[in-house]
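A quick write-up on the structure given underneath.
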Amino acid sequence: MRVLHFYKTYYPDSVGGIEQVIRQLCVGTTRLGVSNTVLSLSRHKNLAPISFDGHTIERVPQNFEIASNACSWQALGALARLAREADVVHYHFPWPFMDLAHFMARVDKPTVVSYHSDIVRQKHWLRLYQPLKHRFLGSVDAIVAASPNYLASSPVLARYRDKTRVITYGLDKSTYPGVEPCRLAHWRAKVGPKFFLFVGVLRYYKGLHILLEAARGLDYPIVIVGTGPEEQALKEQAARLGLKHVLFTGPVDEQDKAALLALSHALVFPSHLRSEAFGISLLEAAMHGKPMISCEIGTGTTYVNRDGETGLVTAPSDPGALRGAMRRLWEDQELARRMGARAEQRYNELFTSEQMALDYTDLYRELVARRATADAGEHVRLAGVPPAR
């Protein structure tokens, strides 16, 4: 079976939560006999196809961008060509240009949409986009939400409940590097033996400005890993607040991230808006047996991190509540240990790449079989029509 994934960014150009989900999905389903290709946009010049983790990456030039909506005229032809060779086309939402490309490329294959998030911020553009969005979602064969929490709380998905199902994200620990002693020693010397960790792209909805406010009055080391559009503003805020115990590492490689996860006391994940639909960093922390702190925003973050079981959940945009949760996990070492153990257990039960791959492969086969049955029925119907006089 051949599956084509279509999303605006992918490895090696960018590393983010959705990119990691697509990677894990491709690795997992490849082991089950699926041949995966990922089509994405790129700002780079050398765009020859790449083989990566057992699947193929095809890239086309990004021509321009409007309100974070990357566009490429070359993608239209590439999508049409690659879709003809595929058995299933797998879209990753949201990306308005993708919706348009689906129709312009005249894709006529079974289609599935991984609905990663509602569109939250671009409200003025959203009004213009609504008709296209609903035409696109109405035309695809299946929609997948990553958590029952998100399916229950999304007003968009409520319109398509009859063709939406839940398949949770999953990670394969074997695709992550082992912890190197030299890296452990380096970071232990740099940040100490006990600290809170954040990992992610520094975007507006990550709530890091709230974390910095919560850090006032605490002397716990906090390590912020990643880069992004809010980086400079956050560094300026930390300087204004005099936060000497907050370290911005910038981007780090996978080996350093593994070392920081292993050393950390707990993951703090203060995302405060629904744009944070799940939180792959939460899964990575759970996979490493770490307790978590997150906010209740009605999305998958609380499906991963269950309050009082795998960590603590606070109200969003509340520095005082976040500060209290950090103080509780810092001061109660045994509580943190128990929550970390339960987080790892929950990961093993619900969030493995193997389970995600099995569920998606079953869905692909279902969609292909459904199309074959429909085509056969249409053939019989047309064969029974008497010729026109």
Exercise for the section: Would you be able to tell me the number of residues in region 221-262 that are part of a helix (DSSP H, G or I), more than 16 Å from I210 (Cα to Cα) and of a type in the set (A, V, I, L, M, F, W, C)? Expected result: 5
Handout entry: Residues satisfying the stated conditions in region 142-189, i.e. acidic (D, E) and either farther than 30 Å from K109 by Cβ or surrounded by 14 or more Cβ atoms within 10 Å (Cβ to Cβ) (or both)
Key = D172, E180
Exercise for the section: Restricting attention to region 46-81, report how many residues are free of Cβ contacts under 8 Å to residues at least 60 places away in the same chain, in contact with a strand residue (DSSP E or B) (Cβ under 7 Å, 6 or more places away or on another chain) and either of a type outside the set (G, A, S) or surrounded by fewer than 16 Cβ atoms within 10 Å (Cβ to Cβ) (or both). Expected result: 16
Problem - Qualifying residue in region 223-230 (condition: more than 22 Å from T299 (Cβ to Cβ) and surrounded by fewer than 21 Cβ atoms within 10 Å (Cβ to Cβ)) - result: yes
Problem - Where a residue in region 2-19 is crowded, with 24+ Cβ neighbours inside 10 Å and its partner, wherever it lies, is part of a loop (DSSP other than H, G, I, E, B) and of a type in the set (V, I, T), with Cβ under 7 Å and at least six apart - result: V3/V34
Practice task
For L128, state whether it is modelled with pLDDT under 95 and open to solvent by 10 Å² or more (accessible area, probe 1.4 Å).
Solution key: yes
Problem - Selected residue (only one of L100, L32, L4 is part of a loop (DSSP other than H, G, I, E, B) and either among the hydrophobic types (A, V, I, L, M, F, W, C) or at pLDDT 95 or above (or both)) - result: L32
Practice task
Read through the list (1) open to solvent by 40 Å² or more (accessible area, probe 1.4 Å); (2) at positive phi, then give the number of the only condition that G207 fails.
Solution key: (1)
Completion exercise
Of R84, R43, R31, the only residue that is within 23 Å of S139 (Cα to Cα) and open to solvent by 30 Å² or more (accessible area, probe 1.4 Å) is R84
Practice task
Please work out which residue is least open to solvent (accessible area, probe 1.4 Å), limiting yourself to region 308-337 and to residues that are more than 19 Å from K206 (Cα to Cα) and not in a helix (DSSP H, G or I).
Solution key: T310
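For (1) in contact (Cβ under 8 Å) with a residue 12 or more places away in the chain; (2) over 21 Å from I18 (Cα atoms); (3) hydrophobic (A, V, I, L, M, F, W, C), each residue gets a yes or a no:
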{"site": "F269", "(1), (2), (3)": "yes, no, yes"}
{"site": "G300", "(1), (2), (3)": "yes, no, no"}
{"site": "L312", "(1), (2), (3)": "yes, yes, yes"}
{"site": "G324", "(1), (2), (3)": "no, yes, no"}
{"site": "D332", "(1), (2), (3)": "no, yes, no"}
Exercise for the section: From (1) part of a loop (DSSP other than H, G, I, E, B); (2) closer than 23 Å to R274 by Cβ; (3) aliphatic (A, V, I, L, M), pick out the condition that doesn't hold for L151. Expected result: (1)
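The values are calculated or read from the model by the stated rules, or taken from the named source; none is laboratory data. Predicted, not measured: the structure shown is a model, and the values here were computed from it. No Cβ is skipped: glycine too gets one built from the backbone with ideal geometry, and neighbour counts run over all protein chains shown. Each accessible area value is taken on the protein alone, full model and side chains, heavy atoms only, with ligands, DNA and RNA left out. Shrake-Rupley method; radii C 1.70, N 1.55, O 1.52, S 1.80 Å.
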